[in-house]
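*Asks:* The structure that follows is given in the form of structure tokens.
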Amino acid sequence: MRQAVEDYLKVIYKVQQRQRRASTSAIAESLGVSLPAATSMVQRLADMGLLRYTPYRGVELTEKGARIALEVIRHHRLWELFLARALNMPIDAVHAEAERLEHALSDSLEDTIDAALGYPTVDPHGDPIPAKDGTLQEPSHIPLGALPAGSKAVVRRVPDSDPALLRYLAGLGLIPGALVEVVEVAPFNGPVHLRVGDRQHAIGREVAGRIFVEPAPVQD
Ligand SMILES: [Zn+2]
């Protein structure tokens, strides 16, 4: 039960980052459950004071609900970084493990992992780690697909939950911290040609839109 509550709150928090109120259908879809199941759980969470639910108008977390969501997200992202750094797990494998481990993390182990990792602010996918006090700074990076030819940028964030996509990106060297140069952007929504290190690749426009970068300072 506790795990289900935490999963719902986390998903609602993420849906609410895109829109102020999360619809029950968006919640059901994100969790892979039926609409009636999501609706009855949402009602229970409302009874617990974790969210406000207005039928047909969607769901909004209360302060208490958002605090729990952020704590679970903090656990998830700390675990991901711990698994990647301390156990050398590839970045496409850490998300699935963290989905389980996030529900079982004591305060003292959380602090120990946080300190051992040097109080990190981002996970291996570049997602920001909420602070211990429950605050979360969302960085404002731009999609790689929005850069014109000739731009140089540093990869800062990749999608965390699609292992096949992550393996593909890692195979091209497109992981957080990598320096990329946009060589050519084909017209008519064609591929984006990139230089990563001494290799050149072409990736689809859709994928380029899901990689977030920080433009590199111009050098002469
Ligand atoms: Zn993850």
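*Asks:* Rg to Rh ratio, segment 1-148, alpha-carbon atoms and Kirkwood radius? Write down the numbers at each step before the final one.
*Replies:* Details: Rg = 16.1 Å, Rh = 16.3 Å.
Rg divided by Rh gives 0.99.
*Asks:* Could you give the semi-axes, largest first, of the ellipsoid that matches segment 71-138, computed as the square roots of 5 times the alpha carbon gyration tensor eigenvalues and rounded to whole Å?
*Replies:* Computed over segment 71-138, the values are 16, 13, 12 Å.
*Asks:* Please report the net charge: other residues with Cβ closer than 11 Å to the Cβ of Arg21, K and R +1, D and E -1.
*Replies:* +3
*Asks:* Scale the Cα Rg of segment 142-215 by the rule-of-thumb value 2.2 N^0.38 Å and send over the ratio, two decimals.
*Replies:* 0.97
*Asks:* Of the heavy-atom accessible surface of segment 142-215 (probe 1.4 angstrom), what whole percent is carbon and sulfur?
*Replies:* On the way: 2100 of 3700 Å².
Whole-percent figure for carbon plus sulfur exposure: 57.
*Asks:* Between 0 and 90 degrees, rounded to the nearest ten: what's the tilt of helix 63-86 against the longest Cα principal axis of the chain?
*Replies:* The two axes meet at around 40 degrees.
*Asks:* Now for a separate question. Between 0 and 90 degrees, rounded to the nearest ten: what's the tilt of helix 35-47 against the longest Cα principal axis of the chain?
*Replies:* With rounding to tens, the tilt is 60 degrees.
*Asks:* Let me ask something else. When the C-alpha atoms of segment 2-61 are aligned to their principal axes, what extent does each axis show, in angstrom, from largest down?
*Replies:* 25, 23, 19
*Asks:* Could you please report the charge total around Ala84, scoring K, R as +1 and D, E as -1 over all other residues with beta-carbon less than 12 angstrom from its beta-carbon?
*Replies:* On the way: positive: Arg77, Arg85; negative: Glu80, Asp92, Glu97, Asp123, Asp160.
Net charge around Ala84: -3.
*Asks:* Can you tell me the orientation of helix 2-18 relative to the chain, as the angle in degrees between its alpha-carbon axis and the longest Cα principal axis, to the nearest 10?
*Replies:* 50 degrees
*Asks:* In segment 135-220, which chymotrypsin sites (Phe, Trp or Tyr not before Pro) fall in coil by DSSP and have 12 or fewer other Cβ atoms within 10 Å?
*Replies:* In loop regions of segment 135-220 (DSSP not H, G, I, E or B), the sparsely surrounded chymotrypsin sites (Phe, Trp or Tyr not before Pro) are Phe188.
*Asks:* Right, something else. Given contacts defined as C-alpha pairs under 8 Å and at least six residues apart, what's the relative contact order of segment 1-148, whole-number percent?
*Replies:* Contact order relative to length: 20 percent.
The values are calculated or read from the model by the stated rules, or taken from the named source; none is laboratory data. Only a predicted model underlies this, so the values are computations on that prediction, with no experimental measurement involved. Please note: Cβ atoms are built from the backbone with ideal geometry, for glycine as well, and neighbour counts cover all protein chains shown. These accessible areas exclude ligands, DNA and RNA; they are computed on the full protein's heavy atoms, side chains included. Shrake-Rupley method; radii C 1.70, N 1.55, O 1.52, S 1.80 Å.
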